[in-house]
Each structure stands twice: as C-alpha cells, then as structure tokens.
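Asker: Before I ask anything, here is the structure I am working with.
The values are calculated or read from the model by the stated rules, or taken from the named source; none is laboratory data. Everything numeric here is computed off the predicted structure, so don't read it as measured data. We place every Cβ from the backbone using ideal geometry, glycine too, and count neighbours over all the protein chains shown.
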Amino acid sequence: MAMDFKLIAAVLRHCGKIQALKRGESIQAHIIKQGISQNVFLANNVISMYVDFRYLGDAHKVFDEMTERNIVTWTTLVSGYTCDGKPSKAIELYRSMLESQEEEEGPNEFMYSAVLKACGLVGDLQLGRLIHERIGKENLSSDVVLMNAVVDMYVKNGRLSEANNSFREISRPNSTSWNTLISGYCKAGLIEEAVSLFHRLPQPNVVSWNCLISGFVDKGSPRALEFLVRMQREGLPLDGFALPCGLKACSFGGLLTMGKQLHCCVLKSGLESSPFARSALTDLYANCGSLIDAADVFHQGKHALLCNSVAVWNSMLSGLLINEENEAALALLLQMYQSDLCFDSYTLSGALKICINLVNLRLGRQVHGLVVTSGYELDCIVGSFLVDLHANFGDLQDAHKLFHRLPNKDIIAFSGMIRGCVKAGFNSVAFDLFRELIKLGLDADQFIVSSILKVCSSLATLGWGKQIHGLCVKKGYESEHVTATGLVDMYVKCGEIDNGVVLFDGMLERDVVSWTGIIVGFGQNGRVKEAIQYFQKMISSGVVPNEVTFLGLLSACRHSGLLEEARLFLELMKYEYGLKPYQEHYYCVVDLLGQAGRFQEAEELINQMSLEPDKTIWMSLLTSCGTHKNARLVTVIAENLLTAFPEDPSVYTCLSNVYATLGMWDQLSEVREAAKKLGAKVSGMSWIEIA
C-alpha cells in the first residue's frame, strides 16, 4: 500500500504544534522502519517537528544523517537556531551551506529572513549588509516581509540611517515596516523622530501606539500617559502591554490617582492575573508610598500559578526596599527562598541591598555564596552590588578582586569602590578609579562627584578640585545640594575660602551641613568674625546648629584667642540648644583658659565635665602651665596623664619639655628614665603636593 507522505508530514507538524513528543518520536521510528527516512520531504518535516519541540540537537542529528538536502532543510534548521536564541550557530550553519554548494538554487527569501534576524541578534552588521546587497541583486526588494527583516537588522545594530534608507526601498510599507522603524528610534532615545514617523503612519495600530508609549516610558517622560489617553480615545484597546507601561509612567511620576484609574482598567480588561500588570501595580503603589495597597495586590495573586512569577515577588521586594522596610524585605526574601523560586539578577541585587542597608556582613556572605552557586557573580548588576557590599563593610581586598573580575563595570561598581576607598582613606586610589570611570565614558553622578570632592578636600589638592568643579558645571551638578556642599568644603579646605563663600552664597538650599561647612571654613582660615557672622545668619534663617557647628565656632575662637566668646558659645550649646558637649568642645575652652593663665577656672570646667578628660585636654593645660610657670598644677596633670597613658611616648616628651622649662630637674630625670624603658618615639611623616 502506498504511503501518504503528505498525511505523515501533517501529523508530524501537528505533533510539533501540540508538543506531543512521544507520538512524534513514534512516527519518526515508523518512518525509519519503513525505510523512507531519507525522503527529503519527510526528513524536513521531522526536523521541523524537533525545532518546534526546541530539541535542536535531535533536529541537527536528523540533518546530519540526510544524504540529500534542499533549501527547506537548511532554512528550517537555521530558523530553528535563530528562534532558540542561538544566532551564532544559525550564522555558522548558513556559511556552511554557502561553502558546501549542495543547493543549486541558493538561499531564498525565507533563508535570508532567518539569517538577517540572527545578524540583528548577534550584531553581525557585515553579514547583514552582504545579504542586503544580495537581496537587491536578486530583485527581492519587492518582498515586504524580507525588507522588514532588513530594516529590523539595521535597527538592532543601531544603524538608524541605513534602516531609514532600507525603509525607503519598500514600495508599499506595511504596519510592521513602520512599527520596526518607530521602535528603533524609540530604543535609540530619539523620541521626537519616532513621533514624527508615527504621525506619518497612515493608520497606526496597537503595536504602533505601544512602541511610542514604551519609548516615552523608557525616557521617563509623562507624555507616555498623554499617548495612552489618546490611544484609548481612538477606540483601540489598552492591552497587557499598554496598561503596564501606563502604570510604570504613573509610578515614576508619583501619579497615584491616575494609577488607580489604570488599575480599574486592568480589572475591567481581565488582566489582573497578568504577571506584568500585577508587577507594574505593585511598583506603582510601592513607589507612591502606599505599601498596604502594594501588599494587597501582591497577596491577591500570590497563590495563582500565573501571578506567582519571580517578577511580581521582585516588585514587592523592591517596594519594601524603596520604603526602607528592610526587615520586611528580608522576611519576604526568606519566603521566596522557601517557595523554591528561581532567583534572578534582580532578586539577588535586592538581597545584597538588604545586607548593605542592615549592615549585616554575615548575611551578606551567605547571599554572596548564593550568588556564586546561581552563577551570577560576574553579572553586571549583581557583581556591582557585590563590590558595593564588600566595599561598604571595609573589605576592600575582596571588593577590589571582584571589581577587576567584572567583564563590564557599571556606575554602581565604580561608586561602591570609590566610596569604600574614600571611607578607608585610600584617596589616591579613589581618584585613579574616578579617572578610569571618566575614560570609559561612564556618567559620574552627583554622589560619586561628592565622594571625589572629599578626596580633594582631604589631600588639599586644589588643582584636582577645580577640574571636578568644571565637570560639575558641565554636568549641571553645581546646583545640586550634595555637590554644592562638597565644592564649598573643598575650596575651604584648600585655602580658597573666598571661592567657597561665593558658592555658598549662591546655594538655593542650605541645611545645617552647608552652614557648618562654611563656618568651620572661616575658622580654619583665621576669619573668626565672619564665622560668628555666618553663625548668626544661620540662626536667623531658622536652621538649628548641631554639635559640629559649635565645634567649628569654638575652634575658631581658640585659634583667635577669643576666650569670652568661646565660653558664651559653650553655654549657648548646653543651655539654649540642649546639646551635650564632647571632649573636643571642652578642649577648646580649656586651652583658651590655660593660654590666659586662668587655671582655677580651667580646673573647675574640667571638674564639671560629664566625661573623663582625655589626653588632649591634659596636654593642652600642661603646655600652658609651662608657659605660666604653674608647677603645682603640672604635678596634678602629670599624675593624671601617667596613670591614664603610661605607654604613650608623647606624654613623656611633653612632660620632659615642661619640667625642663620649670627647672624641675628631679622630675625630669625620672620621666626621661621611664621614657628610655618605654622605647623611642616613632618619627612622624608629612607630605606636600608638587604642582
């Protein structure tokens, strides 16, 4: 009985369509048994069936066993590899076909479409251009579907000019042609050009509107909502793509009321079980500070199969982190882990953020282990957060190793390393990292710039500081509060107080940190009257001073010998603002009293202290005793210092100098003998910047 090859082929295609693997394998076995496995028509359909199953290995095995192949054979397998996310393999197979010259008729429009798609995915612009040339030579430019593939290839390779030229070659472009080009402009951030194309489109469809709305969302533009409303007025349905985009626009715009209206649209459209819609809703409520509503959306679909996706969990986790609910985020993460959900890069990044926020190194190491076992250690996002984690905890050695292993370093990785180096005092390393960041063309944000300004302040490197100031002006960061404060601090500490004052006076917003910075700066540069004037301005503006503000004032008074003003500020600090003075505050006033020879008042102040006086206070008073020949108090101070700091070489050195000044030779001999037993003092070091 004659075999009906068409019927067998139809059954094979049906098996692939309904994913009936066992039945399909059974039919293939029957074909082999009947000795017809070398029939090209049947073999092509077996390959097609395995491609549908995504069993590319089995499909390729059938391909290799074929004694005769045609263009359909090659095209089916090339298309299979492309659709399975293996474009390099598809291109390799296409080149093999050209080299083998098995097929006399050569590639057709279907083969070209499949290979062009692969070129777009893998970024093989050279091969894509060659195929475009062949299409022209073979007079295939009238095939709209094929030319759409050409346009798409250029778009994916970021060649919009060539995509535009290819688009013009299409005599009658269809909606796919227009939408491909519009999508390309949107993805390139050229949204106005995309809008212009959209308005030229004879009849925009749902995809056209969605491309444009998505483009506005990616740009963070509220116009996404404008086009969403227009789309609805045109009578087009808001689908499972448009509504989540609209919700995202409401989310980053803080438009809770409109977001709730779109939530109603989601319910009316029956999309409440969609993971994309539920994830966008969770993001909306969380970003707008309505965690209760976010939790309601999350829990309503938690037990539904479709809604229990990792994306929805990630949105809830992100929402808790945004709202600084770190303990709740940790509990949710544990719940995710216990639910056997497969963590992705967003989950692991969130987990690392929790560890950083909770300052939990032990948990951080556990999450690091999970990252390694999940294969995400060198992932751009996760790897960057790992660097940030270790740098935050002062583990710069591990942070440095991870940083240099990352194949693609982003701004988070650089930010973590720079902040870690600044915190640990590795200022030169931090500046080298900043230079590398700039060379790579990455955009340094105001927080990185602020960290680098701290480096310039610490090293008093005015040249570097001015270069960073130039960068701030260029980037528009000069008006940002955190950057402006850093610039003022840099100029002040580099001795350019006047530049610091100009910047400070130009600030639109001044908080206690800004005011304190300029007050301290005046004090450090010997301009105590201006420090006091700016303190009075600060009080008049309604900003409440803190402990650091008063320390700046007291230090300024100490450097200028203003005893009465210093005592006034200490009293003001304690009784007017209810602030508890530190050792440093008392030191300034004690030092001034000692310089003035008012030792009884100095002793009284020390006795009033709620803290035990430290070495700095005693040493300051000791030096003043030497100046004013107060031998009685020297004995008291010496007893306190030697009891509290018996192994400090600087104590013995200072005592020796004072004893020598006062002619207390017996005590001098005793101290020098004790110093010899203790050992030599380590020499200090200093540095200068060579311009």
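Asker: Kindly indicate the residue of the stretch 34-66 that is at pLDDT 85 or above and part of a loop (DSSP other than H, G, I, E, B) and also farthest from the chain's Cα centre (by Cα) among those meeting that condition.
Answerer: Filtering first and then ranking leaves MET66.
Asker: I've got another one for you. What are the pairs with Cβ atoms under 9 angstrom where one residue, in the stretch 598-615, is β-branched (Val, Ile, Thr) and the other, located anywhere, is surrounded by 11 or more Cβ atoms within 10 Å (Cβ to Cβ)? Sequence gap at least six, or different chains.
Answerer: ILE606/TYR586; ILE606/VAL590; ILE606/PRO613; ILE606/ILE617; ILE606/TRP618; ILE606/LEU621
Asker: Would it be correct to say that LEU284 is of a type outside the set (D, E, K, R) and either surrounded by 16 or more Cβ atoms within 10 Å (Cβ to Cβ) or closer than 29 Å to HIS199 by Cα (or both)?
Answerer: Considered against the rule, which asks whether it is of a type outside the set (D, E, K, R) and either surrounded by 16 or more Cβ atoms within 10 Å (Cβ to Cβ) or closer than 29 Å to HIS199 by Cα (or both), LEU284 comes out as yes.
Asker: Next question. Restricting to the stretch 126-159, what's the tally of residues that are closer than 19 Å to THR82 by Cβ and of a type in the set (Asp, Glu)?
Answerer: 2
Asker: Could you tell me whether the stretch 229-243 includes any residue that is under 24 Å from ALA329 (Cα atoms) and crowded, with 16+ Cβ neighbours inside 10 Å?
Answerer: No, the stretch 229-243 contains no residue that is under 24 Å from ALA329 (Cα atoms) and crowded, with 16+ Cβ neighbours inside 10 Å.
Asker: Quick check on my filter: what residues within the stretch 263-298 are at positive phi and touching a helix residue (DSSP H, G or I) at 6+ places or on another chain (Cβ under 9 Å)?
Answerer: Correct list: GLY289 only.
Asker: Within the stretch 569-608, take every residue that is among the aromatic types (Phe, Trp, Tyr) and out of contact with any His (no Cβ under 8 Å at 6 or more places or on another chain) and give me the one that is surrounded by the most Cβ atoms within 10 Å (Cβ to Cβ).
Answerer: PHE569
Asker: Check the stretch 265-284 and report whether any residue there is under 30 Å from GLY383 (Cα atoms), aliphatic (A, V, I, L, M) and assigned to a loop (DSSP other than H, G, I, E, B).
Answerer: Looking through the stretch 265-284, none of the residues is under 30 Å from GLY383 (Cα atoms), aliphatic (A, V, I, L, M) and assigned to a loop (DSSP other than H, G, I, E, B).
Every residue, every condition in (1) over 36 Å from the mean Cα position of the chain (by Cα); (2) without any contact (Cβ under 8 Å) to a residue 60 or more places away in the chain; (3) farther than 25 Å from SER48 by Cα, yes or no:
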| residue | (1), (2), (3) |
| --- | --- |
| TYR81 | no, yes, no |
| LEU98 | yes, yes, no |
| SER113 | yes, yes, no |
| LEU116 | no, yes, no |
| ILE135 | yes, yes, yes |
| VAL150 | no, yes, no |
| LEU160 | no, yes, yes |
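Asker: For the stretch 366-373, does any single residue satisfy the condition of being touching a Pro at 6+ places or on another chain (Cβ under 6 Å) and among the aliphatic types (A, V, I, L, M)?
Answerer: So far as the stretch 366-373 goes, no, none of its residues is touching a Pro at 6+ places or on another chain (Cβ under 6 Å) and among the aliphatic types (A, V, I, L, M).
Asker: Among the residues of the stretch 4-20, is there at least one that is among the polar types (S, T, N, Q) and either free of Cβ contacts under 8 Å to residues at least 12 places away in the same chain or buried (at least 17 other Cβ atoms within 10 Å of the Cβ) (or both)?
Answerer: no
Asker: Checking GLY85 against (1) assigned to a helix (DSSP H, G or I); (2) within 22 Å of CYS119 (Cα to Cα); (3) within 44 Å of the chain's Cα centre (by Cα), which test does it fail?
Answerer: The one condition GLY85 does not meet is (1).
Asker: Can you work out which of the residues in the stretch 482-538 that are free of Cβ contacts under 8 Å to residues at least 24 places away in the same chain and polar (S, T, N, Q) is farthest from ALA556 (Cα to Cα)?
Answerer: By that ranking, first place goes to ASN499.
Asker: Checking ASP340 against (1) more than 17 Å from LEU284 (Cα to Cα); (2) buried (at least 21 other Cβ atoms within 10 Å of the Cβ): exactly one of these is not met. Which one?
Answerer: Among (1) more than 17 Å from LEU284 (Cα to Cα); (2) buried (at least 21 other Cβ atoms within 10 Å of the Cβ), ASP340 violates only (2).
Asker: Here is a check on your reading of the model: is GLY416 surrounded by 18 or more Cβ atoms within 10 Å (Cβ to Cβ) and touching a Leu at 6+ places or on another chain (Cβ under 7 Å)?
Answerer: The answer is no for GLY416.
Asker: Considering the stretch 360-376 alone, what residues qualify as being in contact (Cβ under 8 Å) with a residue 12 or more places away in the chain and of a type in the set (Val, Ile, Thr)?
Answerer: VAL367, VAL371
Asker: Sort out for me the helices (runs of 4 or more DSSP H) sitting completely within the stretch 127-194 that have 1 or more residues that are over 13 Å from CYS211 (Cβ atoms).
Answerer: 144-156, 160-169
Asker: Something else now. Could you please tell me which pairs satisfy a Cβ distance under 7 Å, a separation of 6+ or placement on different chains, a first residue in the stretch 424-444 that is farther than 16 Å from TRP464 by Cβ, and a second residue that is modelled with pLDDT of 85 or more and not in a helix (DSSP H, G or I)?
Answerer: From the stretch 424-444, the pairs are ALA424/GLY394.
Asker: From the residues in the stretch 73-98 that are aliphatic (A, V, I, L, M) and crowded, with 19+ Cβ neighbours inside 10 Å, which one is farthest from ALA149 (Cα to Cα)?
Answerer: Among those that are aliphatic (A, V, I, L, M) and crowded, with 19+ Cβ neighbours inside 10 Å, it is MET97.
Conditions (1) surrounded by fewer than 16 Cβ atoms within 10 Å (Cβ to Cβ); (2) within 17 Å of ILE131 (Cα to Cα), marked per residue:
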position: VAL155; (1), (2): no, yes
position: PRO173; (1), (2): no, no
position: GLU192; (1), (2): yes, no
position: VAL195; (1), (2): no, no
position: SER208; (1), (2): no, no
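Asker: Are there helices (runs of 4 or more DSSP H) fully within the stretch 388-449 with at least 2 residues that are among the small types (Gly, Ala, Ser)? List them.
Answerer: Ranges flagged: 411-424, 427-439.
Asker: I've got another one for you. Taking the stretch 594-636, which residues are of a type in the set (S, T, N, Q) and under 54 Å from the mean Cα position of the chain (by Cα)?
Answerer: Within the stretch 594-636, GLN595, ASN607, GLN608, SER610, THR616, SER620, THR623, SER624 qualify.
Asker: Say whether the condition of being β-branched (Val, Ile, Thr), buried (at least 23 other Cβ atoms within 10 Å of the Cβ) and closer than 21 Å to LYS156 by Cα is met by at least one residue in the stretch 99-119.
Answerer: yes
Asker: So for the stretch 255-264 (the condition being at pLDDT 90 or above, within 25 Å of the chain's Cα centre (by Cα) and surrounded by fewer than 22 Cβ atoms within 10 Å (Cβ to Cβ)), does at least one residue qualify?
Answerer: Yes, the stretch 255-264 contains at least one residue that is at pLDDT 90 or above, within 25 Å of the chain's Cα centre (by Cα) and surrounded by fewer than 22 Cβ atoms within 10 Å (Cβ to Cβ).
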